[in-house]
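First up is the structure itself, then whatever we jot down about it.
The values are calculated or read from the model by the stated rules, or taken from the named source; none is laboratory data. Remember, it's a predicted structure, so these values are computed and weren't measured experimentally. Quick reminder, even Gly has a Cβ in these numbers, built from the backbone with ideal geometry, and neighbours come from all protein chains shown.
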Amino acid sequence: MSASYFFLLSDPNVQYVALGAMLLTGSSALMGTFALLSKKSLVGDAIAHAVLPGVCLGFILAGTKEPLWILAGAFLTGALSVYLIDFIVHNSHIKEDTAIGLVLSVMFGAGIVLLTAIQKTGNAAQSGLDQYLFGRAAAINRQDLLVFGTTSVLIMALVIVFFRSFTLLAFDRHFAHALGFNVKFIQFIQTTLIVLAVVIGIQAVGVVLMAAILITPAAAARYWCNSVKTMLWLSSAFGMISGLCGALISYAAPAMPTGPWIVVVASVIAFVSLLVAPEKGMLSRSLRQRRLQQTIAQENLLKTLYKLGEKNEDFLHERTAQEIMRNLKSARPQKLLRQLLKQGYVERNNNHWKLTEAGYLRAQRIVKIHRLWELYLTTYMNIAPDHVHDDAETIEHLLTPELEKELERQLGYPSTDPHQSQIPYRKT
Amino acid sequence: MPIGYEDITILITGTLIAICCALTGSLLMLRRMALAGDAIAHAVLPGIVIAFLLSGSRSSPFMIAGAAAIGLFTTFSIEMLQKKARLQNDASIGLTFTFLFATGIILLSMLAGQVDLDQDCVLYGELAYVPLDVWITPSGTVMGPRALWVTAVLCLLLLALIIVARRPLLLTTFDPAYASAIGVSVPFYHYLLMGSVSVTTVVSFELVGAILVVALLIAPAATAYMLTDNFRMLLVLACLAGAVAVAAGYAMAATLDTSIAGSIATANGLLFMLAFIFSPQHGLLFRKKRKPVIH
Amino acid sequence: MDYAIEIHDLTVAFDRKPVLWNIDAHLPAGKLIGILGPNGAGKSTLIKTIMGLIPAGSGYVKIFGQPLKEVRKRVSYVPQRETIDWDFPVSVMDVALMGRYAHTGMFGKLRRADRDIALDALRKVGMEAFANRQIGRLSGGQQQRTFLARALAQRADLYLMDEPFAGVDAATEKAVITLLREMTTQGKTVLVVHHNLQSARQYFDHLLLLNTRLVACGPAPEVFTPDNLRDTYGGNLTLLTDVANLMHQEQHPVRENKLQQE
């Protein structure tokens with residue numbers, strides 16, 4: 001298997017296709033990042049569909065599949081769709097989503113009308129025109145590569161030049177305007193580049209799925225970073241990986257369409273990202289919740305041990321597990337005790353457990369914050385003393401040392417809480 | 001060109017589809033969910049291919065149910081992506097439907113030869129073949145074109161739904177907060193509508209194709225929205241606009257010898273353009289003169 | 001004393017960030033009650049939570065001594081103006097008739113009497129002449145009156161109104177306040193989210209001062225003191241804000257036992 005893949009990659013045709021697909025998807029993903037950040041990703045979808053009539057018109061005018069004419073036609077109708085959507089939204093009470101759907105479907109319908117009409121003329125030159133629907137990545141040759149390469153370089157160069165303007169435009173239009181940026185001009189350049197990316201991108205995946213290579217890599221990149229620059233790198237990398245994989249898959253299994261595979265690979269990257277990305281991923285968020293839950297349960301147990309010692313001021317006294325359980329609402333106290341043992345907060349002596357010095361200090365801090373917070377609620381927020389307990393139960397696990405100090409300072413290091421319990425401070 | 005039996009069958013079926021789409025599409029538009037409709041229209045493809053493979057026929061209730069399920073799944077996963085994965089709305093829609101549509105196309109090419117369904121059908125639909133696919137009962141009675149029956153039943157069901165549930169549908173669309181304040185289940189009507197959109201899309205899919213369903217859903221609603229300020233009238237006008245577009249599109253396709261579905265979409269666009277420019281209330285020509293009345 | 005609304009230890013959070021902390025309040029029946037507080041104080045959130053539109057993180061609300069579910073018909077709600085799509089194809093009369101849905105149900109017949117009640121409500125707010133007008137073709141004041149008419153048509157006992165005077169002309173404001181006063185004399189309870197300090201004193205019988213926490217709640221003359229107003233408007237409790245932000249950041253639960261949910 002690996003030998004045959006190696007053989008594939010040494011085939012110049014495969015190299016063209018792989019390289020071409022990577023250039024197309026990489027540069028589309030670059031503009032897709034800005035489309036996504038400006039919350040305009042579905043306008044990209046509209047542009048993609050609206051390109052079809054332009055492709056057909058280009059063909060009709062040129063009489064052959066002359067790439068330049070076709071690209072020009074595609075560019076014009078693609079750009080037209082953006083302005084039509086804008087015009088409809090600004091000159092009627094029609095909302096943006098309806099305008100997008102309307103322009104997208106009607107222009108695509110017009111494209112189908114032209115395409116069918118061309119196909120029925122029997123002009124031999126037209127064969128292959130319908131490849132624009134689902135992409136023609138598998139047919140990329142050396143000449144195409146030159147066109148794609150040039151366009152990609154152009155897009156990249158302009159993204160570098162306009163990086164700051166595009167970012168500001170996506171983030172805060174009004175501020176950009178206030179700073180004296182020519183918002184309309186920047187918007188024009190950005191729209192032009194998005195249309196350009198779509199026009200060359202459709203050669204890889206076709207008009208119907210074009211939205212995916214614009215949005216999906218960018219959406220995936222969003223989960224991994226918080227800076228626009230990193231996002232641009234990542235999304236074009238994701239785009240290129242999808243392009244490469246799509247090209248290889250369709251070469252390994254020639255019946256497989258390239259475009260849809262590019263989209264599926266990009267989608268898988270996105271799904272994996274939204275699941276496993278650190279910080280923003282779903283798994284890491286639910287993991288954080290579980291860890292939080294565990295910490296809360298552990299701290300509650302320490303607190304129980306502390307309170308048992310409060311009566312006779314014998315905080316480091318040994319207690320039986322039964323005694324602890326009687327005073328703690330927890331489904332699995334044994335497991336918690338074992339965890340705390342491992343962390344060095346409790347010690348074990350057969351069936352008896354006691355706080356270590358570190359455990360004692362931690363428990364003391366929790367109890368202190370609990371009681372301080374109760375006092376804060378009653379003094380600063382006029383909340384009745386019998387309503388402050390539940391809130392303090394959660395806040396006691398949360399406060400940072402800075403907030404803890406601030407709380408002590410604002411309350412003036414009081415000695416008792418609203419229920420006349422002692423507030424324990426750490427002896428210095 | 002004389003109008004024959006086949007033309008009439010196609011026109012009636014097309015009109016019925018247009019009415020189904022106009023009814024559900026109007027509600028989608030008013031809920032600002034036009035693009036969710038677009039997404040469902042694309043996303044039902046894998047459902048159709050799989051159901052097709054399993055049941056081996058078109059228009060079977062099995063297929064409609066399967067594809068409707070995937071339509072609801074689409075709605076659900078768009079919402080999950082937003083809520084659980086915190087992806088922005090437009091990207092959630094785009095990611096979901098392109099993935100499902102691409103999967104559908106891949107399934108199609110894997111099963112090429114096993115299913116009687118191809119990419120052309122996906123894009124253009126086969127309205128022209130409606131008269132050819134005849135429903136014959138087991139006892140041998142010829143009942144006429146099957147698609148005609150299916151769309152007629154769907155149309156009646158949707159009309160009944162909209163008449164019976166017009167109040168909750170209107171209220172949950174217009175002011176969901178008030179609706180839930182007086183005890184109406186907003187999610188229930190949301191999923192009811194999305195389910196209807198899915199079924200409508202599936203039934204229309206093989207007749208007009210995936211993308212032109214979107215034109216039938218949204219364009220007539222937008223045209224009607226330009227012409228009236230009344231909810232009931234909006235629904236009526238949208239159905240009317242859809243029907244007119246079907247007739248005009250069919251005539252256009254016959255004259256130019258081109259795709260029927262594409263022509264219907266184009267006719268829908270032209271109708272909208274007329275309404276957009278010449279509507280007495282909201283049209284481009286008269287818009288500037290009208291100012292809100294201030295007392 | 002009869003209470004229209006009892007709020008008990010209510011905490012509400014958005015994405016784990018508390019916007020209302022431990023609210024406890026009893027609101028008397030048959031009064032015109034104002035909710036006052038600066039922007040972001042959680043006034044609208046409070047009303048929406050009372051209406052069950054936002055889930056509570058802790059605590060509960062009782063209306064006329066019962067859970068909301070039991071008394072839905074007796075409660076009416078007027079949403080904030082910005083939340084409405086004013087291009088929506090409905091007329092003034094359509095909106096007023098929606099008030100009757102609470103009684104006829106979603107599928108019951110609208111009788112002639114229901115139309116009369118809706119029309120009567122429109123007459124009360126002076127919108128009878130505009131019954132067939134689309135709601136987008138009204139002035140701000142007329143739009144507000146239309147939604148007031150819907151609430152009136154519901155013939156409820158408790159009215160919750162979210163910023164009814166925002167974007168409304170002085171004449172409408174005066175007319176509406178007179179109408180609300182009249183309603184309270186008939187034993188109805190009206191709860192209004194309000195932001196104008198100047199008029200609050202003369203408009204309301206009872207005041208609830210809010211700034212993410214409850215500052216004061218009671219008869220207007222007692223509550224409307226410089227001290228209370230300073231507590232309400234004189235900036236936030238920075239510690240409270242910090243803790244709220246920390247909860248959002250750490251995705252800390254509002255209550256320990258709420259951890260598994262969501």
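Brief remarks on what is shown
- Residue that is surrounded by the fewest Cβ atoms within 10 Å (Cβ to Cβ) [pool: residues in region B:23-70 that are charged (D, E, K, R) and modelled with pLDDT of 80 or more]: B:ARG32
- Any hit, region C:12-35, residues being free of Cβ contacts under 8 Å to residues at least 60 places away in the same chain and not β-branched (Val, Ile, Thr): yes
- Where B:GLU206 falls short, out of the listed (1) over 19 Å from A:VAL208 (Cβ atoms); (2) more than 10 Å from every other protein chain (Cβ to nearest Cβ); (3) at pLDDT below 95: (1)
- Count of residues meeting criterion [under 14 Å from A:GLN364 (Cα atoms) and surrounded by 13 or more Cβ atoms within 10 Å (Cβ to Cβ)] in region A:400-416: 1
- Here C:VAL192 meets each of (1) out of contact with any helix residue (DSSP H, G or I) (no Cβ under 7 Å at 6 or more places or on another chain); (2) surrounded by fewer than 22 Cβ atoms within 10 Å (Cβ to Cβ) with one exception, condition (2).
- Count of region C:213-248 residues which are within 23 Å of A:HIS397 (Cα to Cα) and part of a helix (DSSP H, G or I): 11
- Test: A:LYS329 is within 11 Å of chain C (Cβ to nearest Cβ) and either in a helix (DSSP H, G or I) or on the phi < 0 side of the Ramachandran plot (or both): yes
- The residues of region A:16-74 that are of a type in the set (Gly, Ala, Ser) and not in a helix (DSSP H, G or I), listed by number, are A:SER38, A:GLY63.
- Restricting attention to region A:285-323, the residues that are under 19 Å from A:GLU357 (Cβ atoms) and either within 14 Å of chain C (Cβ to nearest Cβ) or within 48 Å of the chain's Cα centre (by Cα) (or both) total 10.
- Given (1) under 30 Å from B:ILE105 (Cα atoms); (2) surrounded by fewer than 21 Cβ atoms within 10 Å (Cβ to Cβ), index of the condition A:PHE188 fails: (1)
- A:GLY73 falls short on exactly one of the conditions (1) among the small types (Gly, Ala, Ser); (2) in contact (Cβ under 8 Å) with a residue 24 or more places away in the chain; (3) away from chain B (no Cβ under 11 Å), and that condition is (2).
- Residue check, A:SER267 among the small types (Gly, Ala, Ser) and over 18 Å from A:SER235 (Cβ atoms): no
- Taking every residue in region B:276-287 that is among the basic types (Lys, Arg) and pairing it with any residue that is surrounded by 14 or more Cβ atoms within 10 Å (Cβ to Cβ), at least 6 positions away or on another chain, the pairs with Cβ-Cβ distances below 7 Å are B:ARG287/A:ASN91.
- Where strands (runs of 3 or more DSSP E) fall wholly inside region C:7-82, the ranges with 3 or more residues that are within 14 Å of chain B (Cβ to nearest Cβ) are C:75-78.
- In region B:110-127, residue nearest to A:PHE271 (Cα to Cα) [restricted to those that are surrounded by fewer than 19 Cβ atoms within 10 Å (Cβ to Cβ) and at pLDDT 75 or above]: B:MET110
- Filtered by the rule that a residue be more than 9 Å from every other protein chain (Cβ to nearest Cβ), buried (at least 19 other Cβ atoms within 10 Å of the Cβ) and either farther than 23 Å from B:ILE8 by Cβ or of a type in the set (Asp, Glu) (or both), region B:239-292 gives a lone residue, B:ALA275.
- When region C:83-93 is limited to residues that are touching a residue at least 40 places away in the same chain (Cβ under 8 Å) and not in a strand (DSSP E or B), the one that is farthest from A:HIS90 (Cα to Cα) turns out to be C:VAL92.
- Qualifying residue in region A:130-142 (condition: of a type in the set (Val, Ile, Thr) and more than 11 Å from chain B (Cβ to nearest Cβ)): yes
- Some residue of region B:156-168 being more than 12 Å from every other protein chain (Cβ to nearest Cβ), closer than 25 Å to B:LEU72 by Cα and not in a helix (DSSP H, G or I): no
- Residue match in region B:126-139 (condition: among the β-branched types (Val, Ile, Thr) and either closer than 22 Å to B:ALA41 by Cβ or touching an Asp or Glu at 6+ places or on another chain (Cβ under 8 Å) (or both)): yes
- Close Cβ contacts (under 8 Å, 6 or more residues apart or on different chains) running from residues in region A:137-157 that are within 19 Å of A:VAL195 (Cβ to Cβ) to residues that are outside any helix (DSSP H, G or I) comprise A:PHE148/A:ILE140.
- Of all residues making up region A:371-424, the number that are within 11 Å of another protein chain (Cβ to nearest Cβ), outside any helix (DSSP H, G or I) and touching a residue at least 24 places away in the same chain (Cβ under 8 Å): 4
- Criterion violated by C:MET51 - all others in (1) more than 15 Å from the chain's Cα centre (by Cα); (2) buried (at least 23 other Cβ atoms within 10 Å of the Cβ) satisfied: (1)
- Residue ID - farthest from the other protein chains (Cβ to nearest Cβ), chosen from residues in region A:193-230 that are among the β-branched types (Val, Ile, Thr) and not in a helix (DSSP H, G or I): A:VAL207
- Residue pairs meeting the criteria (Cβ under 7 Å; at least 6 apart or on separate chains; first more than 22 Å from C:THR45 (Cβ to Cβ), in region C:162-191; second of a type in the set (Phe, Trp, Tyr)): C:GLU173/C:PHE165; C:ILE177/C:TYR203; C:LYS188/C:TYR159
- Residue list for region A:86-110, restricted to those being more than 7 Å from chain B (Cβ to nearest Cβ), surrounded by 21 or more Cβ atoms within 10 Å (Cβ to Cβ) and under 18 Å from C:PRO89 (Cα atoms): A:ALA99
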